[in-house]
Amino acid sequence: MYFTDRGLEELERRRGDEEVTFAWLAENLQTFVDVHPEFETAIERLATWLARLDDPED
């Protein structure tokens, strides 16, 4: 189990029944990067990956 699995499990347990928009997610990820700029690269990669999930070239 990766360390991040615990955070993902907590997210699912606490907020798994909620529905959110990608606009909400993007806003909150931006807020997170503003508070924790050292994670900018990881958040950028995650956002790009999510944006391109349906792109057959990626």
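Quick note: the coordinates plus some simple rules give every number you see, no bench work behind them. Here the structure is a predicted model, which means the values were calculated and not measured. Virtual Cβ from ideal backbone geometry, glycine too; neighbours counted across all protein chains shown.
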Subject >> Top of LEU11, LEU25, LEU46 by mean-square fluctuation, Gaussian network on the chain, Cα under 10 Å >> reply: LEU11
**OP:** Give the order of PHE22, PHE32 when sorted by the count of other beta carbons within 10 angstrom, beginning with the fewest.
**Re:** PHE22, PHE32
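For a quick check of your reading of the filter: which trypsin sites (Lys or Arg not before Pro) in the chain sit in a DSSP loop and have no more than 16 other Cβ atoms within 10 Å?
Values: sites: ARG6, ARG13, ARG14, ARG15, ARG45, ARG52; in loops: ARG52.
Answer by residue number: ARG52.
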Subject >> Farthest toward positive dipole pole in the chain [+1 Lys/Arg, -1 Asp/Glu at C-beta], among ALA42, PHE22, LEU53 >> reply: ALA42
Subject >> Read-out Cα extents along the principal axes in Å, derived from the coordinates shown; its label in (1) 58, 23, 14; (2) 33, 27, 27; (3) 43, 25, 22 >> reply: (2)
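Suppose we flag GluC sites (Glu not before Pro) only when DSSP calls them loop and at most 15 other Cβ atoms lie within 10 Å. Which is the longest uninterrupted stretch of the chain? Working shown, then result.
Values: sites that count: GLU18, GLU19, GLU57.
Looking at the chain, 20-56 is the longest stretch - no exposed GluC sites (Glu not before Pro) with at most 15 other Cβ atoms within 10 Å.
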